[in-house]
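What follows is a set of notes on a single structure, which appears directly below.
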Amino acid sequence: MRSLSSYNSIIKIMEFELTLQVAALLFGVAMVAGFIDSIAGGGGLLTIPALMWAGLPPAVALGTNKLQACGGSFFASLYFVRKGLVDLKTVKLALFCAFIGAALGTVLVQLVDTKILELVLPFLILAIGCYFLFSKKVSEEDRHQVLTPTVFAFTAALGVGLYDGFFGPGTGSFFALAFVTLAGFGLAKATAHAKVLNFSTNIASLIFFALGGKVIWLLGLVMLAGQAIGATLGSRLVVTKGTKIIKPLVVTMSLAMSLKLLASQYQLF
């Protein structure tokens, strides 16, 4: 049986040493992030800084983060499907479009300057938080849909998927907002569907990171296990508590993401 030191020697090839202490810490961070992410999104606020603190280069941190995020979004999606909040037959086209959008975005980000988006994004995410806080449309009840499922797939799902591959922060919030405003879903149902589509975009991005050799698989799988636990617990709260837990957490995470993005822009930290 291999010792931990033998695994460390493998990881050192990528200039990163995985110790038991670091693995345990990142497992815990991923579990908390999975819990938050399954309810409101924004788990990357915890996992990406933690991965970079552990010594991963930015690109490898992003790639490894996508691997562990796939675990969280998968287990949350699985729970929502089992509880009947999501009918996969009705969202299969949206899943496909979100996947294609994310793949295109991952390619596009290598060709286009992201500075304008970086300037605007904090205010867009803050606006989402304000919408969830003040809008009367955000409730448990479904409302009249604005777009048919097909149109929704080729516009909202494709567009948000493109954004996720291109940039990423707040993707879950953008999906949830689209389902509330355009598909007419209640908040719990919108959150569940957002997580399913987010799983699709995570897979698309992970493929590109993996092809580029930007994923530390052992570490990502350790964090994936933590994500699975946190996401399962969080998704249960979505089902049992609904708007009471989702709304305040979405508002809080939107504010946190906005502040983090602004701080990064102006190098406040």
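What the table below lists for this structure:
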| quantity | calculated |
| --- | --- |
| Count of region 229-247 residues which are in contact with a Phe, Trp or Tyr (Cβ under 9 Å, 6 or more places away or on another chain) and either acidic (D, E) or more than 17 Å from A50 (Cβ to Cβ) (or both) | 10 |
| Candidate set from region 127-186 (those that are β-branched (V, I, T), surrounded by fewer than 19 Cβ atoms within 10 Å (Cβ to Cβ) and not in a helix (DSSP H, G or I)); member that is modelled with the highest pLDDT | T148 |
| Residue check for S264: surrounded by fewer than 16 Cβ atoms within 10 Å (Cβ to Cβ), modelled with pLDDT under 90 and among the small types (G, A, S) | yes |
| Residue check for A178: hydrophobic (A, V, I, L, M, F, W, C) and under 15 Å from V250 (Cβ atoms) | yes |
| Contacts under 6 angstrom Cβ, first residue in region 203-219 being over 12 Å from T106 (Cα atoms), partner assigned to a loop (DSSP other than H, G, I, E, B), 6 or more apart | L219/L18 |
| When residues of region 89-129 are limited to those that are hydrophobic (A, V, I, L, M, F, W, C) and in contact with a Ser or Thr (Cβ under 6 Å, 6 or more places away or on another chain), the one nearest to A156 (Cα to Cα) | A98 |
| Selection count, region 197-212, where residues are of a type in the set (A, V, I, L, M) and surrounded by 24 or more Cβ atoms within 10 Å (Cβ to Cβ) | 1 |
| Positions within region 81-91 being in contact with a helix residue (DSSP H, G or I) (Cβ under 9 Å, 6 or more places away or on another chain), more than 25 Å from F167 (Cβ to Cβ) and not polar (S, T, N, Q), in sequence order | V81, K83, L85, V86, D87, L88 |
| Pairs, first on the phi < 0 side of the Ramachandran plot and in contact (Cβ under 8 Å) with a residue 24 or more places away in the chain in region 142-168, second aromatic (F, W, Y) and outside any helix (DSSP H, G or I), C-beta under 6 Å, six or more apart | D142/F185 |
| Residue in region 208-219 that is assigned to a helix (DSSP H, G or I) and within 16 Å of G34 (Cα to Cα) present | yes |
| Wholly within region 16-124, helices (runs of 4 or more DSSP H) carrying at least 1 residues that are in contact with a His (Cβ under 9 Å, 6 or more places away or on another chain) | 58-82, 88-108 |
| G242 vs. criteria closer than 26 Å to L18 by Cβ and touching a residue at least 60 places away in the same chain (Cβ under 8 Å) | no |
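The values are calculated or read from the model by the stated rules, or taken from the named source; none is laboratory data. Only a predicted model underlies this, so the values are computations on that prediction, with no experimental measurement involved. Cβ sites come from the backbone with ideal geometry, for glycine too, and all protein chains shown count toward neighbours.
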